[in-house]
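Scroll down for the structure; my scribbles are underneath it.
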Amino acid sequence: MRRVFIADLLKKNITITGADAHHLSRVMRSKIGDHIVVADDEGKVGEYAITGFTGDSIDLELIDYIAENTESPVDVTLAQCLPKGDKLELITQKATELGINTIVPLVSDNCVVRYDGKKTKAKQDKWQKIANEAGKQCGRSRLPVVEAITPLKDWLQDIVNQNTAVCMCYENEEQIGIKEFLCQMTGKEIAVVIGPEGGFSLDEIEFAKSLGITSVSLGNRILRAETAAIAAMAIIQYEKGDLGGRL
Ligand code: SAM
């Protein structure tokens, strides 16, 4: 069953407009009586029947609420330094499938790509669209939010004032691995920071340490940025979330 997300709250009768309505009516050639799943801003999900088409909008009537549970019990943020090419599109798609809640694209010393003002917003919109599509495909109850591109140090300074356990994946870390970090942490809010292809600068690692942020190893091999991001998210969801089934 097709899934759409609305920025409103579910109620008995709703009307779908915009790209979703266009896709359902013109591409999927939906008919009156067809059922679709609708998820709202609070993660509530319902099964609706199509009751009518008016212009470019579709009228729906609630059949029943769906008690689904596709959201992880932990709130995970992926803070990803901008990788080259379209890797952040892949990372965003996999982050969504892995139940991540927030994706923060970061600019750090060794980021090769730099976007100007206009391109920055266009990129954020593109990544959000990818997250939305992946959320529909994998049956998320809530869509991840892709935030605006932010300088690494600004984001680090901000996140340490929140009630979030932050780990910075660093290939030269020899003391603590991500597994140990996760076993030691309590709480339900986790942020993981991944560098660009060129890694973090020493200055960035020192800066993070000065804020009390823990750097963690993902093991003895040097992973590509996209591999590190996907592996770290999977490890977090396996250790603290619902990947591999809930206990
Ligand atoms: N400076 C690295 C080198 O020597 O080639 C390249 C950085 S790696 C390609 C990109 C990012 O993936 C790193 O900044 C780090 O966040 C993460 N990463 C890769 N391998 C890792 C590992 N074994 N432990 C922790 N983080 C790792």
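Structural remarks
- Taking amide H atoms as placed 1.01 Å from N in the peptide plane, the amide H of ASN110 lies under 5 Å from those of SER201, each 5 or more residues away in sequence or on another chain.
- The apolar share of the surface of region 3-66, taken as the fraction of accessible area on carbon and sulfur atoms (1.4 Å probe, ligands and nucleic acids excluded), comes to 51 percent.
- With every protein chain in place, region 152-228: carbon and sulfur % of accessible area (1.4 Å): 44 percent
- Applying 1/(1 + (r/R0)^6) with r as the Cβ-Cβ distance of GLN157 and LYS209 and R0 = 22 angstrom yields a FRET efficiency of 0.95.
- Listed by chain and number, the lysines whose C-alpha is less than 16 Å from the C-alpha of LYS11, apart from same-chain residues fewer than 8 away, are LYS44.
- Long-range amide H partners of SER215 with built H, under 5 Å: MET168
- Region 202-238 versus region 114-132: alpha-carbon centroid distance in Å: 24 Å
- Solvent-accessible surface of the chain, taken per residue with a 1.4 Å probe and all protein chains present: 51 Å².
- Note on region 109-247: lysine pairs with Cα distance below 23 Å, sequence gap of 8 or more or different chains, count 17.
- The phi torsions of region 191-196, fed into the Karplus equation with coefficients 6.51, -1.76 and 1.60 and a -60° offset, translate into couplings of 10, 10, 10, 10, x, x Hz, rounded to whole numbers, with Gly and Pro shown as x.
- Legend: Rg and Dmax of region 75-239, from Cα coordinates, 14.7, 42 Å.
- Mean Cα-pair separation over length for the chain, i.e. relative contact order, pairs under 8 Å, 6 or more apart, %: 20 percent
- Basic side chains Lys and Arg get +1 at the Cβ, acidic Asp and Glu get -1 at the Cβ, and with that the dipole of the chain about its Cα centre reaches some 640 debye.
- The trypsin sites (Lys or Arg not before Pro) found in region 63-167 that occupy coil by DSSP, while having at most 14 further C-beta atoms within 10 Å, are LYS84, ARG114.
- Ordered by solvent-accessible area of protein heavy atoms (1.4 Å probe), largest first, the residues THR150, THR17 come out as THR17, THR150.
The values are calculated or read from the model by the stated rules, or taken from the named source; none is laboratory data. Source: prediction; values computed, not measured. Virtual Cβ from ideal backbone geometry, glycine too; neighbours counted across all protein chains shown. Remember, those area values only see protein heavy atoms, side chains included, never the ligands or the DNA or RNA. Shrake-Rupley method; radii C 1.70, N 1.55, O 1.52, S 1.80 Å.
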